[in-house]
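Please read the structure below before turning to the comments.
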Amino acid sequence: MEIRVAVIEDHPLMVKAILDELSNQPEIKIVGTANHGSELPKLVRETSPDVVILDLGMSSGNFEPISAVRSLLHEHPEVRILVLTGYDDEVYIRQIVDAGALGYVLKSDDLSLMLPKGVHRVYDGKRFYSEAVIDKLFTKQKGEATMLSEQELIVLRLAAEGHSNVSIAQSMKVSEKRVRNLLSSVYAKFDIHETETLNVRIAAINKARDLGLLISE
């Protein structure tokens, strides 16, 4: 397996740090770099990366990353974007996520831990957010976030990924009955009740997603 990675970053020292961290990963190949966001479409066309590591704060020129991400993914839906930035504003994070970025890592994070793991995860089409980002997103939802147990969160995240109760039970190494009981507990805590027009499983997943509880899915 080879993961082709392109890097958009305007600070030479940060570019060097990124390349140094990823050079120890034999399956990761850096196929190109650019120092301005406006070069993103051209770099993707010329290098065909699987993953783009994208800085949001460019020091020169006019670069609007949210529209740039949305436009790029419209043209190249197969590309995965991992944001690496100093911006930790909650609203901004959610906007770039909504635009289609699968990963979001802060430059203040331990890059040796975050970058290789992030590249692999978004390459697999899964979301990846560093703990600092998750904490930031949970600031306004801590009350509802902590109302669920760890097992209930795991069940919800697996359900959101499309797993059946049987599959969830196998993954968690518990009985199918235990999975049903955990889901029932989630529904009760969320005050969600089955009706002819409401699927409680989907409603619970949607509520959890709105609360940011599925940010690591």
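Residue check, residue 50 against (1) charged (D, E, K, R); (2) farther than 20 Å from residue 117 by Cβ; (3) surrounded by 12 or more Cβ atoms within 10 Å (Cβ to Cβ), all met but one. Which one?
Unmet condition: (2).
Only one of 107, 42, 16, 29 is within 17 Å of the chain's Cα centre (by Cα) and either crowded, with 21+ Cβ neighbours inside 10 Å or basic (Lys, Arg) (or both); which?
The match here is 107.
Which one is modelled with the lowest pLDDT among residues in the stretch 72-98 that are assigned to a helix (DSSP H, G or I) and closer than 22 Å to residue 33 by Cβ?
96
In the stretch 44-66, how many are out of contact with any Pro (no Cβ under 8 Å at 6 or more places or on another chain) and not in a loop (DSSP other than H, G, I, E, B)?
Result for the stretch 44-66: 9.
Which pairs have Cβ atoms under 8 Å, sit 6 or more apart or on different chains, and link a residue in the stretch 188-211 that is more than 14 Å from residue 152 (Cα to Cα) to one that is at pLDDT below 80?
192/198; 200/194; 211/141; 211/144; 211/145
In the stretch 60-89, what residues are at positive phi and surrounded by 15 or more Cβ atoms within 10 Å (Cβ to Cβ)?
none
So, of the residues in the stretch 158-217 that are on the phi > 0 side of the Ramachandran plot and surrounded by fewer than 16 Cβ atoms within 10 Å (Cβ to Cβ), which turns out to be modelled with the lowest pLDDT?
Looking at residues that are on the phi > 0 side of the Ramachandran plot and surrounded by fewer than 16 Cβ atoms within 10 Å (Cβ to Cβ), I get 191.
What single numbered condition from (1) under 18 Å from residue 126 (Cα atoms); (2) in a helix (DSSP H, G or I); (3) of a type outside the set (Lys, Arg); (4) out of contact with any helix residue (DSSP H, G or I) (no Cβ under 8 Å at 6 or more places or on another chain) fails to hold for residue 69?
(4)
Within the bounds of the stretch 143-155, is there any residue that is touching an Asp or Glu at 6+ places or on another chain (Cβ under 9 Å) and either modelled with pLDDT under 90 or crowded, with 16+ Cβ neighbours inside 10 Å (or both)?
no
Assess whether residue 18 counts as being assigned to a helix (DSSP H, G or I), of a type outside the set (D, E, K, R) and within 18 Å of residue 107 (Cα to Cα).
Taking the combined requirement at face value, the residue satisfies it.
The values are calculated or read from the model by the stated rules, or taken from the named source; none is laboratory data. Predicted, not measured: the structure shown is a model, and the values here were computed from it. A quick note on method: Cβ atoms are made from the backbone with ideal geometry, for glycine too, and the neighbour counts reach across all protein chains shown.
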